[in-house]
1. If you go through the range 185-209 one residue at a time, how many are hydrophobic (A, V, I, L, M, F, W, C) and crowded, with 21+ Cβ neighbours inside 10 Å?
2. Looking at the range 546-568, which of its residues are more than 38 Å from the chain's Cα centre (by Cα) and either at pLDDT 90 or above or assigned to a helix (DSSP H, G or I) (or both)?
3. Mind telling me which of the residues GLY469, GLY502, GLY519 ends up being surrounded by 20 or more Cβ atoms within 10 Å (Cβ to Cβ) and over 20 Å from ARG632 (Cβ atoms)?
4. Name the one entry in ALA400, ALA372, ALA419 that is modelled with pLDDT under 80 and of a type outside the set (S, T, N, Q).
5. Quick one: would you say ILE343 is at pLDDT 80 or above, closer than 30 Å to CYS782 by Cβ and of a type in the set (A, V, I, L, M, F, W, C)?
6. Quick check on the range 319-363: of everything there that is open to solvent by 20 Å² or more (accessible area, probe 1.4 Å) and touching a Pro at 6+ places or on another chain (Cβ under 9 Å), which residue is nearest to GLY183 (Cα to Cα)?
7. Enumerate the strands (runs of 3 or more DSSP E) found wholly within the range 116-204, keeping only those where 1 or more residues are farther than 30 Å from SER69 by Cα and either touching a helix residue (DSSP H, G or I) at 6+ places or on another chain (Cβ under 7 Å) or among the aromatic types (Phe, Trp, Tyr) (or both).
8. Quickly run through the range 736-761 and pick out the residues that are of a type in the set (Gly, Ala, Ser) and open to solvent by less than 30 Å² (accessible area, probe 1.4 Å).
Amino acid sequence: MLHHLRGDFRLALRRLVKTPAASLTVVSALSVGIGLCAVMFSSIDGVILPTPPFEAGDRVVRMWRSDASPVSMETYRYWEERQQSFDGFGLAEDLAVNLAVEGRATEPTRMAAISLSTLDLLAVDPVIGRPFAASDAVSGAPPVALIGYDAWRTGFDLDPGVLGQVIRLSGEPAEIIGVMPEGFGFPWSQEVWTPRPDAAFRPDWNPERLVIFGIVREGVSMEAAAAELNALDEQRPRPATEPTATPVEVRMFTDIINPAGRSHLLAGLMLGVAFLVLLVACANATNVLLACASVRSREVAVRSALGASRSRIAFQFWAEVSVLALTGAAGGAFLAAVGARLIRNAVGAVEGMPYWVDLRVDLPVLAFVSVAAVVAAVLAGVLPALFASRANRHELLKDASRGSSSRRLGPMMGRLIGAEMAVSLVLLVAAGLFVRSALNLQSYEFGFAPEGVYLSLVTPPEGRYDTPGGRAELAARLEEALGAIPEASSATVTTSVPAIGGIRRSAAVEGTHLPAEMGLPLVRYIAATPGFFRTFLAPVASGRPFDSRDRAGSPPVAIVSAAFEQEHLPEGAVGRRIALPEEAGQEEWLTVVGVVPDLLAPGIQAEGTRGVVYVPFAQAPPTRFQIAVRSRTTASVLAVPIRQAVATVDPDAALSFMRPMDDAIEQANAQYAWLSAGFLVAGGLALVLAAIGLYGVMAFWVTQRTREIGVRMAIGGGRGTILGFVFRQGMRPIVVGLGFGLLVALPFAWTLRGSLLRVAPFDPLVFGVVLGTLVGAGLFGCVLPALRATRVDPLTALSAE
């Protein structure tokens, strides 16, 4: 058996070397298909559904309420004491600080204040030094910190004597007691950690930066864990005036794509797209191998006549396909490494990416490549092996002598080409829809003017502005200092900016809702200083904007968007009262003093949710906020002046995510660019493979039917007749394939409607361009074989008989 195996593989190698064009075509097709599958798998494993690099990383989950309302510490403790689905809970607050190391310039750095249970839950210890102890979180204890491996390398040159040195975090000193392992950045991409007792966390201040996480017990699903927390919510005693808690969601910690479950859907879509391209590549390889098997009909017939069994003949072809698949796997691994590096560079340029994003070709990816190679060998080799092992050797000899194998192979190869065209159509339609969405983003007509606005996130130093009055005063001073920049025309301090975000809150309309009732409508909530609407050039449609009257202690007011007025107060919003209940027993009514146009506060990706409520910053000052400054010229000239202006107000206030608003909007809606690029690559590869495959099939068909073409020309068939004959043979399976492709593309496009930006799923322009491109590619694939057919010499063709 081993002797036959070695002989079959030696013969396979010799035959593949003797037919370099066919071998290169098959290897190239399989390399592209396997390489794209490997890149998709690597992206899923490293970006879409990654596992954090620590023990039990696959069981780390986050918890929050469906409306993003804060989870009170009383609720957290109630869960923690009674739950049975988790190994434990932990808390972490994402912060931005200015890190000052002696002898080095101050740099903005991401820090996390973590509960004492965090490192024990994650089972992570410092590589040098010690973890936090309970005594470190006691009031009055000397401040201590753990630093990340990268901070140790860049700030201290990996000096083991770093322990005991003092760093300053936004002006506050802290002693280094340990260095965390390389690659650890929990919860997102932190470089510094400080301890904090659970009682000191304030989720009601800024719930979006507080992370509540846990380790789900083995064997417990996330659905079961969420059900238990919701049941505990119902059991928890609370005042009658407290609003009913919204449902708790439990999600994998690394699942950062909204809404819930979209990550798995995206992962399935990516693998499905890659597998479709692999099918096209296998169909291409199958056509080439079928042509080779047809050419070798006489050889197969002779071997069969000499006693070779069907299994021996089939295995010989399997050996050839296996060699091609292994070579294609090597080429696919190389293409995957190149593609992964390109994507890693593109993703790495995005600020704030989580530390667990790690795109590389490692052992799991190589194992996937091996599986893909086996699948490719099976898919590409089954038809040629069956064809070659047919038992009727007399028919094979007859076919070989008369060159008529293509009559039976032609329909089979044509169906494969039709399938390739159908797959290409589906992929290119999806690509076209997302490309149009990306183009629409560039020409989107906002309800405000984003050009010339520069943004930055501001994190005040901890402990310095703990009172609402202190934060309101800081915001007023910042707005004044930023507005005094010579290059600036206006400035504002706000919790969110249009088109990029906004905290969700429940809203009650006086006379329609009660603040404590269930099912209150959700709105986007933005606290802003008086310069907000002036900075974004958004005029007030009715009523007035915020001004100096709207300060702490004065009657609470609000401004609503036109969409909110239309939905909840169609008779007019100015003068009416609304409430934004958040804490237990809260029933503060705000008087609406103005209505502004819809500014797309929730972001383009959620275009349909435009109800927004704006409140004066001085009446609801958060602990972390954004600044927006409008330039008199271009936004980029404001970067340095903004840093200087903020430093004059408080040199320890940390700035992060500094960028022009155009870039921020583009990054927030990068899904259109990524999806259009992915589908374009997949669809383009499928189209190229289909066109090459069509050319190969038609060239083979013309070669095998040279005698028939010669007869047609001998009895008077002209050049036009022969061209039409060849084009009809080539375009028939293409038309059929495109018809089936349309039947699949229409429902597939309908499923994408929620992810498109102002593009109908059945957009006639997209479908027309794709159909025209595929028909053109089909005609192009038939041109050269058709021209070759017109140059057939009838005498030569007939004399060969």
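The values are calculated or read from the model by the stated rules, or taken from the named source; none is laboratory data. These numbers were taken from a predicted model, which means no experiment stands behind them. Reconstructed Cβ throughout: ideal geometry from the backbone, glycine too, with neighbour counts over all protein chains shown. For accessibility, only protein heavy atoms count, side chains too; no ligands or nucleic acids. Shrake-Rupley method; radii C 1.70, N 1.55, O 1.52, S 1.80 Å.
1. Restricting attention to the range 185-209, the residues satisfying the condition of being hydrophobic (A, V, I, L, M, F, W, C) are 186, 188, 192-193, 199-201, 205.
Applying the additional criterion that residues be crowded, with 21+ Cβ neighbours inside 10 Å yields 186, 192-193.
So the answer is 3.
2. Initial filter on the range 546-568 (more than 38 Å from the chain's Cα centre (by Cα)): 546-557.
Of everything in the range 546-568, those that are more than 38 Å from the chain's Cα centre (by Cα) and either at pLDDT 90 or above or assigned to a helix (DSSP H, G or I) (or both) turn out to be PHE546, ASP547, ARG549, ASP550, SER554, PRO555, PRO556, VAL557.
3. Numbers: GLY469 fails: surrounded by 20 or more Cβ atoms within 10 Å (Cβ to Cβ); GLY519 fails: surrounded by 20 or more Cβ atoms within 10 Å (Cβ to Cβ).
Answer to the selection: GLY502.
4. Working: ALA372 fails: modelled with pLDDT under 80; ALA419 fails: modelled with pLDDT under 80.
Every option except ALA400 fails the conditions.
5. Values: at pLDDT 80 or above: yes; closer than 30 Å to CYS782 by Cβ: no; of a type in the set (A, V, I, L, M, F, W, C): yes.
Here the answer is no, as ILE343 does not meet what is asked.
6. TYR355
7. Values: elements: 144-147, 166-169, 172-179, 192-195.
Of the strands (runs of 3 or more DSSP E) lying wholly inside the range 116-204, those with at least 1 residues that are farther than 30 Å from SER69 by Cα and either touching a helix residue (DSSP H, G or I) at 6+ places or on another chain (Cβ under 7 Å) or among the aromatic types (Phe, Trp, Tyr) (or both) span 144-147, 172-179.
8. So in the range 736-761, the residues of a type in the set (Gly, Ala, Ser) come out as 737, 739, 741, 745, 749, 754-755, 760.
Answer for the range 736-761, where residues must be of a type in the set (Gly, Ala, Ser) and open to solvent by less than 30 Å² (accessible area, probe 1.4 Å): GLY737, GLY741, ALA745, ALA749, SER755.
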